[in-house]
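Q: Encoded as structure tokens, here's the structure I'll be asking about.
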Amino acid sequence: MNTLLDRFCRYVKIETTAAEDSETYPSTPTQLELSKLLAQELKAMGIADAAMDENGIVLGTVPATKAGVPTIAWIAHVDTSPEFTAKDVKPVVHENYDGKDITLPGNKERVIKAADNQELAACKGKTIITTDGTTLLGADDKAGVAVIMEATRHLLANKDIPHGELRICFTCDEEVGHGTDKIDLKRLNAAAAYTLDGEGQGHIENETFSADLAVITIEGNNIHPGYAKGRMVNAVRVAAEFLSKLPFEGLSPETTAGREGFLHPYVIEGGVPESKIKVLLRDFDTAKLADEKKVLEEVAKQVERSYPKDKLRIKVDVQKQYRNMAEGLKREPRAVDLAVRAMKAVGLEPHMAIIRGGTDGSRLTEMGLPTPNLSTGMHNFHSPLEWACLEEMETAVKVLVELAKEWGRQT
């Protein structure tokens, strides 16, 4: 347990925040610092082919102890979300957690409340790791990284465990939607993969949103405001009008749950001559993304009709992002079935979960590599109220070891 805890705390102290608008890959050079370290540590464990490539992707192979069985891959991402700072992370370890609210020492106005975190009740008496309240913790996805590294160490130290080849893969820029951009599936050469990027314990996430991104470009008519009467069309005001006409009840993140999709405007930028709005389109039924696009196009037409044709133009451009992994996983049912067996082997009752979001597994499955997502013991990610449970992380290590055994029984 101490090895896993020490490893996790070392990793979160390395700042690896991704940047959404960067033109480089990885989007920030700090990600390479952790990737280099991981490659070095894998080498030191005895993985001869461990290396970081020119894109910051770390690959290595745990040799098979049993011939003739499928190869699988374990994947986690080194980057953290740009939604909150992860610079100078100071992890705080709470041993023998008492079940009460946790006041974070670096900002005592930030409190992880037991009433708002129902999972904390099951962690009483266990070890909780939090931030000091001034940064993210970065358990998303350094918990996954630490779990994979610890499971790898265990298998290399116990060569009597029968398993096939295991590909270890650490990626960059997952948090900004580019985690799979540089993955070479031929190099992975795996029958199935698992992203270690899930919350809590005992979850197998086998279904995600299908996702598109809409960019609404509003071209107005700018002129000096002193002479604007009857002539100016202010793109900023038009953007506000456009947003006011979007359906809210039943088609926004604030009013939906479960399997319900939504339209989510999350960026607005620009000025009088031109403004842009970015809108996320999400649904578990891929076909419904087309309906959401139509909603945006109809609102655009409504707004345009209120202005002279030569003074306003609204363009709706929709880009594909990722697709629900459920259909792709049907092509290799063992990917989920053996994860269920592995969790049961360590005493967990697996919970099949949907993700109201996406993972690298969404895109990898679409590319042809079945990739469900597994729990790693993280909670409240993307927030300074983030926390992780050491015992849940340790259980995730055991699940991976059992998963290797289960695939070692396949032919």
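The values are calculated or read from the model by the stated rules, or taken from the named source; none is laboratory data. Note that the structure is predicted; figures quoted are calculated from it, not measured. Quick reminder, even Gly has a Cβ in these numbers, built from the backbone with ideal geometry, and neighbours come from all protein chains shown. Side chains included, ligands, DNA and RNA excluded: accessible areas come from the protein's heavy atoms. Shrake-Rupley method; radii C 1.70, N 1.55, O 1.52, S 1.80 Å.
Q: When the accessible area of the stretch 245-394 is split by element with a 1.4 Å probe, what percent falls to carbon and sulfur?
A: Result for the stretch 245-394: 49 percent of the exposed heavy-atom area is carbon or sulfur.
Q: Using helices alone, I'd like the mean residue ellipticity at 222 nm for the chain: each DSSP H run of four-plus residues gives -39500 (n - 2.57), total over residue count, nearest 500.
A: Computed mean residue ellipticity for the chain: -9000 deg cm²/dmol.
Q: Using a 1.4 angstrom probe, figure out how much accessible area the chain has per residue, in square angstrom, rounded to the nearest whole.
A: 44 Å²
Q: Roughly to the nearest percent, how much of the accessible area of the stretch 177-224 is carbon and sulfur, given a 1.4 Å probe?
A: Carbon plus sulfur share of accessible area: 37 percent.
Q: Right, next: Among the aspartates and glutamates, which have Cα under 18 Å from the Cα of residue 66 when same-chain residues fewer than 8 positions away are ignored?
A: 160, 165, 402, 406
Q: Compute the helix-to-body angle for 30-45: its Cα long axis versus the longest principal axis of the chain, expressed 0 to 90° and rounded to tens.
A: The two axes meet at around 20 degrees.
Q: Could I ask something else about it? 7 Å from Cα along Cα→Cβ at both residue 301 and residue 319: what's the point-to-point distance in nm?
A: Calculated label separation equals 2.6 nm.
Q: Checking a compactness column here: for the stretch 203-346, what do you get for Rg(Cα) / (2.2 N^0.38 Å), N being the number of residues?
A: My calculation over the Cα atoms of the stretch 203-346 gives 1.41.
Q: Still on this structure, please answer the following. Residue 159 to residue 294: FRET efficiency via 1/(1 + (r/R0)^6), r the Cβ-Cβ distance, R0 56 Å, to the nearest 0.05?
A: Efficiency, from the Cβ-Cβ distance: 0.45.
Q: A follow-up question, please. Which FRET efficiency, nearest 0.05, do residue 337 and residue 229 yield, Cβ-Cβ r, R0 60 Å?
A: Efficiency at R0 = 60 Å is approximately 0.30.
Q: Let me know the charge dipole size of the chain about its Cα centre in debye, to the nearest 20, where only the beta-carbon of Lys, Arg (+1) and Asp, Glu (-1) is charged.
A: Magnitude of the dipole: close to 500 debye.
Q: Taking the Cα-to-Cβ direction at residue 95 and at residue 54 and moving 7 Å from each Cα, how far apart do the two end points lie in nm?
A: 4.9 nm
Q: Along Cα→Cβ, 7 Å out, is where each label goes; now give me the distance between the ones at residue 88 and residue 22 in nm to one decimal.
A: 2.1 nm
Q: Taking a 19 Å limit on the Cα-Cα distance, which of the listed pairs 159/398; 278/311; 182/330; 87/126; 330/398 fall beyond it?
A: Going by Cα-Cα distance, 278/311; 182/330; 87/126; 330/398 fall outside the 19 Å limit.
Q: Still on this structure, please answer the following. In angstroms, what radius of gyration and Dmax does the stretch 24-127 have, counting Cα atoms only?
A: 19.5, 57
Q: Turning to a different aspect of this structure: Sorted from largest to smallest, which semi-axis lengths in Å does the alpha carbon gyration tensor of the stretch 284-386 give for its equivalent ellipsoid, taking the root of 5 times each eigenvalue?
A: Sorted largest first and rounded, they come to 41, 18, 11 Å.
Q: To continue, here is another question. Based on the alpha-carbon gyration tensor of the stretch 136-206 and its eigenvalue square roots a ≥ b ≥ c, which shape applies: rounded if a/c is under 1.5, prolate if not and a/b is larger than b/c, or oblate?
A: oblate
Q: Can I ask one more? Return the tail of the calculated pair distribution for the chain, meaning the percent of Cα-Cα pairs more than 30 Å apart.
A: I get 46 percent for the Cα pairs in the chain exceeding 30 Å.
Q: If you take the square roots of the eigenvalues of the alpha-carbon gyration tensor of the stretch 29-76 and sort them as a ≥ b ≥ c, do you get rounded (a/c under 1.5), prolate (a/b over b/c) or oblate?
A: Prolate, since a/c reaches 1.5 and a/b exceeds b/c.
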